Number of protein chains: 2
Amino acid sequence: MIKRQIRILGIDDGPFKFDEEKVIIVGVVMRANGYLEGVLRREIEVDGRDSTERIMDMIENTRHRNQIKVIMLDGIALGGFNVVDIDGIYRKSGIPVITITREEPDFESILKTLKKKFPDWEDRWKLIKDNTIYEIKTPHNPIYISCKGISPGEAKEIIKISTIRGAIPEPIRVAHMIASGIVRGESYGKA
Amino acid sequence: MIKRQIRILGIDDGPFKFDEEKVIIVGVVMRANGYLEGVLRREIEVDGRDSTERIMDMIENTRHRNQIKVIMLDGIALGGFNVVDIDGIYRKSGIPVITITREEPDFESILKTLKKKFPDWEDRWKLIKDNTIYEIKTPHNPIYISCKGISPGEAKEIIKISTIRGAIPEPIRVAHMIASGIVRGESYGKA
């Protein structure tokens with residue numbers, strides 16, 4: 001039984017164009033019941049390799065550090081193909097990580113793109129390929145998750161208690177809304 | 001009886017230093033029950049005269065335009081002494097405006113500062129002096145409000161239904177958290 005009072009850190013990136021060098025990522029510290037307790041911001045390189053380091057910096061330097069019980073990411077890559085080492089984040093921080101997407105990841109297509117775009121495609125692919133994807137049914141469309149440091153069953157329960165409307169948990173929904181609103185002037189779309 | 005489903009636009013400015021030219025203002029579109037529906041962002045000049053115009057631009061250009069039933073501002077001035085014409089906003093938009101502060105405004109001190117800093121102090125003072133300040137008791141410390149287009153009684157009721165914890169209504173609390181978190185990397189303090 002997971003308490004509705006636990007704190008979740010939800011992270012999403014802002015919108016960007018591929019000719020831009022950097023993009024913001026926004027972290028929201030939120031109780032599972034939706035009560036917002038903190039907003040964090042960092043920058044990462046578009047298609048770069050620094051997302052893991054910048055997320056670790058976000059986690060280690062917030063005053064909420066010791067309250068965060070789980071991290072939710074909008075997918076395993078932020079800022080294009082700046083792939084996050086979710087196993088590394090879990091090992092270094094001790095905090096379980098869940099990635100969440102609306103679409104089932106198409107690994108074949110991802111691998112093809114990585115090979116075409118990046119000389120270091122193997123390093124990026126290594127961070128992606130070991131993550132088992134689980135489909136989670138919701139009252140709306142299903143969502144697709146992967147997780148480290150937590151069982152899929154526990155992850156599912158945390159997602160359930162932190163979802164207010166629709167299919168996406170509140171920490172990810174709100175992080176998306178803030179990141180897109182700050183960059184564009186008005187938030188839009190769905191996480 | 002005001003519905004807990006009405007939409008409120010809460011606006012606060014980000015932190016800034018007085019040698020900076022511009023500062024962001026963040027607007028959050030939120031149901032009175034605390035459910036976030038949109039995040040808006042504009043920039044205003046520190047100690048400038050453009051806050052009213054930029055807020056009007058924020059209101060008139062959001063897709064939430066027709067849903068917003070009341071506007072809440074963290075005080076009557078944003079970005080230092082960039083005083084907001086709340087009567088003008090009400091008259092132009094038709095949406096009532098409430099200003100909220102934790103401290104009772106010290107008009108004598110404000111007038112003194114305006115006279116010292118600004119050749120156009122009379123124009124700024126005119127926007128401030130006509131606003132009656134009402135003290136609102138809360139289960140915590142009292143807050144101080146002024147309002148246009150709405151009675152103090154109705155304003156009080158809207159504040160009450162949109163306050164989740166503490167003394168400050170959720171739209172202002174969240175706008176403050178976003179603006180300070182985005183500018184500084186981590187949100188801090190209270191609206």
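The numbers here are math on the coordinates, done by the rules we state, and not lab data. Since this is a predicted model, take the numbers as computed values, not measurements. A quick note on method: Cβ atoms are made from the backbone with ideal geometry, for glycine too, and the neighbour counts reach across all protein chains shown.
Are there trypsin sites (Lys or Arg not before Pro) in segment B:1-58 that DSSP marks as loop and that have at most 13 other Cβ atoms within 10 Å, and which are they?
B:Lys3, B:Arg4, B:Lys17
Summing Lys, Arg as +1 and Asp, Glu as -1, what charge do residues with Cβ under 13 Å from the Cβ of B:Val29 carry, B:Val29 excluded?
+3
When a footprinting reagent is the concern and you count Cβ atoms within 10 Å, what order do B:His64, B:His176 take, fewest first?
Result, fewest neighbours first: B:His64, B:His176.
Using a/c under 1.5 as the rounded threshold, could you call the protein assembly as shown rounded, prolate or oblate? The axes a ≥ b ≥ c are square roots of the C-alpha gyration tensor eigenvalues, and prolate needs a/b larger than b/c, oblate otherwise.
Note, shape of the protein assembly as shown comes out prolate.
Where does the charge balance sit around A:Val84 when Lys and Arg score +1, Asp and Glu -1, over other residues with C-beta under 11 Å from its C-beta?
Surrounding charge for A:Val84 is -2.
What residue among A:Ser51, A:Ser109, A:Ser180 shows peak mean-square fluctuation when chain A is described by a Gaussian network model with Cα springs under 10 Å?
Per the Cα network of chain A with a 10 Å cutoff, A:Ser109 tops the list.
If you keep only loop residues by DSSP, which trypsin sites (Lys or Arg not before Pro) in segment B:126-156 have at most 16 other Cβ atoms within 10 Å of their Cβ?
B:Lys137
Given contacts defined as C-alpha pairs under 8 Å and at least six residues apart, what's the relative contact order of segment B:24-81, whole-number percent? Show your work: numbers first, answer last.
Numbers: 57 pairs, mean separation 18.5, N = 58.
Relative contact order comes out at 32 percent.
Non-local amide H neighbours of A:Asn82 (under 5 Å, H modeled in plane, Pro and chain starts lacking H): which ones?
A:Asp47, A:Gly48
Report the charge-dipole magnitude of the protein assembly as shown in Debye, nearest 20, computed about the Cα centre from +1 at each Lys and Arg Cβ and -1 at each Asp and Glu Cβ.
That gives a dipole near 1260 debye.
Loop only by DSSP, 10 or fewer other Cβ within 10 Å of the Cβ. Give me the GluC sites (Glu not before Pro) in segment A:51-123 that pass, ordered by residue number. Don't skip to the end; give the middle numbers.
Working: sites: A:Glu53, A:Glu60, A:Glu103, A:Glu108, A:Glu122; in loops: A:Glu103.
Qualifying residues, ordered by number: A:Glu103.
Place the label 7 angstrom along Cα→C-beta at A:Asn33 and in each other copy, then list the distances from the first to the rest in nm, shortest first.
1.4
Just need the relative contact order of chain B here, percent rounded to a whole number, with Cα pairs under 8 Å and 6+ apart.
On the way: 377 pairs, mean separation 45.8, N = 191.
Worked out over chain B, it gives 24 percent.
What are the distances, in nm and sorted shortest first, from the label point of A:Gly88 to the label points of the same position in each other copy, with each label point placed 7 Å from Cα along the Cα-to-Cβ direction?
Inter-copy label distances (nm, one decimal, shortest first): 5.2.
Where the label is 7 Å out from Cα toward Cβ, how close does B:Glu122 come to the same position in every other copy, in nm, shortest first?
7.7
Where the centroid of each part is defined by its Cα atoms, how far is segment B:163-185 from segment B:44-100 in Å?
Spelled out, the Cα-based centre of one part sits 17 Å from the other.
Cα to Cα, under 14 Å, and not fewer than 8 places away if on the same chain: which aspartates and glutamates meet these conditions relative to A:Lys17?
A:Glu45, A:Asp47
For segment B:92-191, calculate the relative contact order in percent as a whole number, restricting contacts to Cα pairs under 8 Å that are 6 or more residues apart.
Relative contact order for segment B:92-191 comes out at 25 percent.
Is segment A:69-177 rounded, prolate or oblate when judged by the Cα gyration tensor, a ≥ b ≥ c being the square roots of its eigenvalues, rounded requiring a/c under 1.5 and prolate requiring a/b larger than b/c?
Prolate, because a/c is 1.5 or more and a/b exceeds b/c.
Pick out, from A:Phe18, B:Pro119, A:Gly88, the residue whose Cα sits farthest towards the positive end of the charge dipole of the protein assembly as shown, with +1 on the Cβ of Lys and Arg and -1 on the Cβ of Asp and Glu.
Result: A:Gly88.
Please report the net charge: other residues with Cβ closer than 15 Å to the Cβ of A:Phe118, K and R +1, D and E -1. Mind dumping the intermediate values first?
Values: positive: A:Arg49, A:Lys112, A:Lys115, A:Lys116, A:Lys117, A:Arg124, A:Lys126, A:Lys129; negative: A:Glu45, A:Asp47, A:Asp50, A:Asp120, A:Glu122, A:Asp123.
Summing Lys/Arg as +1 and Asp/Glu as -1 gives +2.
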